[in-house]
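Colleague: Quick one: the structure is below, questions incoming.
Where a number appears in this text, it was derived from the coordinates with a stated rule and is not lab data. Bear in mind the structure is a predicted one, so any value in this text is a computation, not a measurement. All Cβ positions, even for glycine, are placed from backbone atoms using ideal geometry, and neighbour counts span all protein chains on display.
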Amino acid sequence: MKRLRLATIWLDGCSGCHMSFLDMDELLLELAPRLELAYSPLVDRKEFPEQVDLALLEGAVSTPEDEAKARLVRARSHLVVALGDCACNGNLPAMRNRLDNAELLDLVYRQQAEGEAGPPTRNVPPLLPHSLPLHRVIDVDLFLPGCPPPAAAIVRALTAVLEGRELSELPTLKFG
Amino acid sequence: MTPEELQRIAAEELQARQHARHRIGVCTASGCLSCGSREVLTAIKQEAADKPEMNLRVEGVGCMGLCSRGPLVWVQTNPPPTETSTAASADASPTASAPNLPDASPDDSADITTDASSDRPTGASARAESALLYKQLTPDDAPTLIATLAAAPASPTAAAAPPATTAEQTSAQDSTQTSAQAPATGDHPLAQKICDPAMPFFKRQVKVVLDQFENIDPERLESYLAADGYLALLDCLHHRRPPEIIDEITRSGLRGRGGGGYPTGLKWSTVAKASAFVPQAGQGHAGSGRQSAGEAERPDGPRKYVICNADEGDPGAFMDRSVLESAPHRVLEGMAIAAYAVGADFGYIYVRAEYPLAVERLRKAIGQAEKQGLLGRNIGGSDFNFQVEIRLGAGAFVCGEETALLASIEGRRGQPRPRPPYPAEHGLWGCPTLINNVETFANVAAIINRGADWFASLGTDKSKGTKVFALAGKVANTGLIEVPMGISLTEIVNEMGGGTPDEAGGAIKAVQTGGPSGGCIPAAHFNLPVDYESLQAEGSIMGSGGMIIMDDTAAMVDVARFFMEFCVEESCGKCTPCRVGTKQVLLLLEKIGRGEGRPADLTQLEELCHLLQQTSLCGLGQSAANPVLSTLRFFRREYVELLAGEEEA
Amino acid sequence: MSGGRVITLQIDGRDCGAREEQTILEVARENGIYIPTLCHLNGLHPVGGCRICLVEIAGAPRPLPACVTHPVEGMQVTTDNPELRRQRRLILELMLAEGNHICAVCVVNGHCELQELALQLGVDHLEVPALYPSREVDASHPRFGLDRNRCVLCTRCVRVCGEIEGAHTWDVMGRGLQAMVISDLNQPWGEAESCTGCGKCVQVCPTGALFEKGKSAGEMVKRHLHLPLLTAMRREEEAGE
């Protein structure tokens, strides 16, 4: 049997959703033979593969880098799942949206900072004007909300895909 | 005041008018005041005072409609008292006065009545003989104007001859200009400023609500009495029982002029049948339920109320303002008749504070009517009592919605509540309450005076009578008109409105009716008869009477956005769909306007619009989507053309 | 509460008996038929503002809120169908988009009626863009706090304060999206002289907008089941006078 090529992607989030993924515990062992983890922060591969069957994206889209990555994932994935509240609704990253970026950086790196002042200038990507939920940038096939989404929700989604069932009929297990 | 006294005062007033050699009327409604009619009136009065031998009678009068050409002034020369009316133009120009009476008027035939004891003195045609209507007069024109009267006492009537030459001038495009070039007025020093009385703008009108505004000094009760004022009220009090009055109104087919079009007679009979109720201090949690000082003086007991909704708020609409500023007594009389018919003894006029002149004139009118026993206790010697107070709106559009209006009068936050119960049953402080619009009340006296059959003969099968519209936007003649229901949009826009103004020259594209609750009707549908049902079928509404005409420079997505901005601003915030939904619709319209919209946005736009229509609490939210839905219906291409191309990264 | 005429209506095809002064919501609940609600709370005057409890009534041009609509003989009510579900869900999305409803950092996470409703109605993301408001937080009261960014303007606090506590500390100021609950004449809550500090407003608030200071998310459970008892007791007392 052909194994499902799975990718997990970490955008602007805390990696809690990936922890939830690992929280599938022994079920991971059951699923493992039917999955091929083609790309993930949990594995070593640096380039996103040409073709995957299912991509789980964690995190909001907060930088041009996030945006480019989300578009690349969409283009190369058959199904895209928004994993967790940041990807579904913006969640914590989007709390900055009421401020403009200059205000935000000043608040965080000057007004509330101790020691040396000023926002970092090297090795960090610039910010998009707003932190956006995934579906504001690309089409999303399934939303798994929750902070974090329960492992059971991830299991259900994976099983449904493996069994070729309709994703839109999955019940929501958690909100927020 | 008894009917006899009323007749006497009216007759005296008419006689005084007749005794003047020349009568001059200067519009003192807001439109003309804003372009200086007060100064013009002062200047003319000064001239008249300087020349007492000319026997001039100068009056401030009500709105004459052609607001864009203000200040408007009419001049009429009376025939010498000893002669009979022989003015050459008398039959040539029956409509030489600016506005004319409805053709259906039963007393059309009445000529100037100099006989003071006449049963029905009518000032209606008093000016129809030989009046000239001047537009855009300045105070500097006053001496010239008076000089023309002094120089040629008999000639002004000759100058009024153009009607004879205007038969071929029906293309209204430039009628005021052409009239100025008419030979008869060629050497008149103010020829450029004389309006052509044959303009369709005037000739097409049928006046019931605006009837005689040009003759009525809004600040003098006598002036209104001379226009058959309060005749209907006294007739009702002395000769008719309440059910007969309600029957008359019902048979007339009058429908609510505030926009809803609910049958007025039915509403009256519902309130009449409801049992009076002891006012309840405050409903539910919020509200002190404090009643007005005037009311507190009266003994507690079961009550009903009559309320006049004068919270006119549609952008571009000023019908109610003009009525209140021109003939406040006509509204008071209508309210009093209604109160007598439904069994109420207290009334409120809820008028927006942004109409200071209307408020001032209403106050004055209430004072005059109380002094003459036409309001207050034992009206006209009968045992009917009716007291009226004014309540000022604080600038919230939603307070025009009747339940929000009630809350506001009760001293609570002005937001609507779900209906039923309807105010007719459970209104102000829980009492049965009749709420009608200004224009509705202004129709009442005429229906009583002339009869339901006369009224029902005007208009269409389901929409009887006339409707006042405020023409605004890209037409040559903007201002106030009153037309029979069923007239076509093209008659209003192209003929009366005179098409696009000269300088623009673009084609007329659409007309927006009903303000933020209405829709846009494209020029291709201008043969549509203007009545409640027809407009609704086209996705718009009659509304209170605002009509904004747009030419081909108007971008319909922008038009929709403008009205949605208004609704976002004016939503009271009580129900979720209206509070947040209007904002989301606005965001989508802005996005599409910026050229960033996607096909999916159009789908979402429609879905949100339907949500607003279906799930909002009150009329504001339910109709807020109309401007969007109607532009989507008739101008969808403009939306689609703005959508961003499907670029893919 | 008696004296009204008894009538029969159909809710979701089931015959139900009702007194005419009852609401459709009350009758439905008596018959075990669930209608989602938000601004409604047993014991408070219904206002019909949130529009979550909309039901379809045969012959009515648009759905009506069950909490303020009274039954009529022979009325046919539908409480659930795809169209109603879609409308309720969209209304809830509008509400979620209006405020800052970030459950992860909210003190009532896990005990929130709005959150529960979202789960029930199957909201997993917002179709409409969030508005990210920046409304004032009032932390001036020694025991309670108010975060207006989490407020859904259900006005339960306004009603419980006026109708049950009798203090009328709370009311609503402003229009549309600017509407907000205020204490006294827009004084800081801590300085509102009419406030008795009873905390009923906090207990009836369906979200984390009103909360008790010093409580962790796990502890911040709202208690408002006693409200109908309070109103019933008051009614009896008034009747006894």
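Colleague: GluC sites (Glu not before Pro), restricted to segment B:1-84: which are DSSP loop and have at most 11 other Cβ atoms within 10 Å?
Modeller: Sites meeting the loop and neighbour criteria: B:GLU83.
Colleague: Another question, if that's okay. What net charge is computed for the residues neighbouring A:CYS147, neighbours being all others with C-beta under 14 Å from the C-beta of A:CYS147, Lys and Arg scored +1, Asp and Glu -1?
Modeller: -4
Colleague: In segment C:125-157, which trypsin sites (Lys or Arg not before Pro) are in a loop and have at most 15 other Cβ atoms within 10 Å, using DSSP for the loop call?
Modeller: C:ARG143
Colleague: How high is the FRET efficiency from A:ALA68 to C:LYS215, r the C-beta distance, R0 56 Å, rounded to 0.05?
Modeller: 0.85
Colleague: Roughly what percent of Cα-Cα pairs across segment C:87-219 reach past 20 Å?
Modeller: 44 percent
Colleague: Related question: Are there trypsin sites (Lys or Arg not before Pro) in segment A:66-153 that DSSP marks as loop and that have at most 15 other Cβ atoms within 10 Å, and which are they?
Modeller: Hits after loop and neighbour filter: A:ARG122.
Colleague: Something else about it: Using a Gaussian network model of chain A with C-alpha springs under 10 Å, which one of A:PRO149, A:PRO49, A:PRO33 is most mobile by mean-square fluctuation?
Modeller: A:PRO33
Colleague: Along the positive direction of the dipole of chain A (beta-carbon charges: Lys, Arg +1; Asp, Glu -1; about the Cα centre), which of A:SER40, A:ALA68, A:VAL108 reaches farthest?
Modeller: A:ALA68
Colleague: Can you find, among B:GLN212, C:PRO188, B:ALA365, the residue sitting farthest towards the positive end of the charge dipole of the protein assembly as shown, where Lys and Arg contribute +1 and Asp and Glu -1 at Cβ?
Modeller: Checked the options; the winner is C:PRO188.
Colleague: Just C:ALA58, C:ALA192, C:ALA130 to compare: in a GNM of chain C, with alpha carbon springs under 10 Å, which one fluctuates most?
Modeller: C:ALA58
Colleague: Need one number: the % of Cα-Cα pairs in the protein assembly as shown sitting beyond the 57 Å mark.
Modeller: 26 percent
Colleague: Remind me, what semi-axes does chain C give for its equivalent ellipsoid, largest first in whole Å, using sqrt of 5 times each Cα gyration tensor eigenvalue?
Modeller: In descending order the semi-axes read 31, 24, 15 Å.
Colleague: Could I ask something else about it? How would you order A:26-32, A:156-162, B:562-568 from highest to lowest mean count of nearby Cβ atoms within 10 Å?
Modeller: Result, highest mean first: B:562-568, A:156-162, A:26-32.
Colleague: Order by neighbour count: B:ASP235, B:ASP311, B:ASP228, fewest other Cβ atoms within 10 Å first, most last.
Modeller: B:ASP235, B:ASP228, B:ASP311
Colleague: What does the convex hull of the alpha-carbon atoms of segment B:466-554 project to on average, in nm²?
Modeller: The Cα convex hull of segment B:466-554, projected and averaged over all directions, gives 4.8 nm².
Colleague: Using a Cα-Cα cut-off of under 16 Å, which lysines could be cross-linked to B:LYS574, ignoring same-chain neighbours fewer than 8 residues away?
Modeller: Straight-distance partners of B:LYS574: B:LYS583.
Colleague: Further, regarding this structure: Give the separation of the Cα centroids, segment B:589-649 to segment B:450-516, in Å.
Modeller: Distance between centres, Cα-based: 29 Å.
Colleague: Holding the Cα-Cα limit at 18 Å, pick out from B:LYS203/B:LYS467; B:LYS267/B:LYS464; B:LYS45/B:LYS203; B:LYS267/B:LYS304; A:LYS46/A:LYS69; B:LYS267/B:LYS462 the pairs that are longer than that.
Modeller: Beyond 18 Å between Cα atoms: B:LYS45/B:LYS203.
Colleague: If you take each beta carbon of peptide C:89-95 and count the beta carbons of other chains within 10 angstrom, what is the mean?
Modeller: 5
Colleague: Averaged over its residues, how many other protein chain Cβ atoms are within 10 Å of peptide A:162-173's Cβ atoms?
Modeller: If you average over the peptide's residues, the count of other-chain Cβ atoms is 1.
Colleague: Further question: Report, to the nearest 10°, how far helix A:151-162 tilts away from the longest principal axis of the Cα atoms in chain A, using its own Cα long axis and a range of 0 to 90°.
Modeller: Compared with the principal axis, the helix lies near 50 degrees.
Colleague: Which whole number gives the average, over all residues in C:43-50, of C-beta atoms from other chains lying within 10 Å of the residue C-beta?
Modeller: Shielding by partners across C:43-50 averages 5.
Colleague: Taking the simple approach of a point 7 Å from Cα along Cα-to-Cβ for both B:GLN192 and B:GLU222, what is their distance in nm?
Modeller: About 3.9 nm separates the two model spin labels.
Colleague: Mind checking the dipole of the protein assembly as shown: about its Cα centre, +1 per Lys or Arg Cβ, -1 per Asp or Glu Cβ, Debye to the nearest 20?
Modeller: In debye, rounded to 20, the protein assembly as shown gives about 1260.
Colleague: So if I place +1 on the C-beta of Lys and Arg and -1 on the C-beta of Asp and Glu, and nothing else carries charge, what would the dipole magnitude of segment B:236-456 be about its Cα centre? I want it in debye, nearest 20.
Modeller: Here the size comes out at about 140 debye.
Colleague: Using Cα atoms only, what is the angle between the long axis of helix C:82-98 and the major principal axis of chain C, expressed in degrees (0 to 90) to the nearest 10?
Modeller: 10 degrees
Colleague: Also, I was wondering about something else. Taking the Cα centre of segment B:323-429 as origin, work out the dipole magnitude from +1 charges on Lys and Arg Cβ and -1 charges on Asp and Glu Cβ, in debye rounded to 20.
Modeller: Taking the Cα centre of segment B:323-429 as origin, the dipole is about 220 debye.
Colleague: Could you tally the net charge around A:LEU11, taking each other residue with its Cβ under 13 Å from the Cβ of A:LEU11, Lys/Arg +1 and Asp/Glu -1?
Modeller: Once positives and negatives cancel, what remains is -2.
Colleague: Something else about it: How much FRET efficiency would the formula 1/(1 + (r/R0)^6) give for A:LEU167 and B:GLU607, where r is the Cβ-Cβ distance and R0 is 30 Å, rounded to 0.05?
Modeller: 0.85
Colleague: Of all beta bridges DSSP finds with both residues in segment A:1-111, what is the antiparallel percent, to the nearest 5?
Modeller: Restricted to segment A:1-111, the bridges split so that about 5 percent are antiparallel.
Colleague: OK, next. Once the Cα atoms of helix C:227-240 and of chain C are each reduced to a long axis, what angle between those two axes, in degrees from 0 to 90 to the nearest 10, is obtained?
Modeller: The answer is roughly 70 degrees.
Colleague: Further question on the same structure: Direction-averaged shadow area of the convex hull around the Cα atoms of segment B:302-354, nm²?
Modeller: 4.1 nm²
Colleague: Could you tell me the calculated FRET efficiency between C:ARG5 and B:GLU569, based on Cβ-Cβ distance and R0 = 60 angstrom, to the nearest 0.05?
Modeller: 0.85
Colleague: Which of the lysines could be linked to C:LYS213 by a straight reach, that is with a Cα gap under 16 Å, when you skip same-chain ones fewer than 8 residues away?
Modeller: C:LYS200, C:LYS222
Colleague: Still on this model: Using only the Cα atoms of segment B:523-649, build the gyration tensor, take square roots of its eigenvalues as a ≥ b ≥ c, and label the shape rounded, prolate or oblate: rounded if a/c is under 1.5, else prolate if a/b is larger than b/c, else oblate.
Modeller: The shape class here is oblate.
Colleague: Find which of C:GLY199, C:LEU177, C:ASN42 sits farthest along the positive direction of the dipole of chain C, computed with +1 on the beta-carbon of Lys and Arg, -1 on that of Asp and Glu, about the Cα centre.
Modeller: C:LEU177
Colleague: Identify all aspartates and glutamates with a Cα-Cα distance to B:LYS591 below 12 Å; exclude those on the same chain that are fewer than 8 residues away in sequence.
Modeller: B:ASP558, B:ASP601
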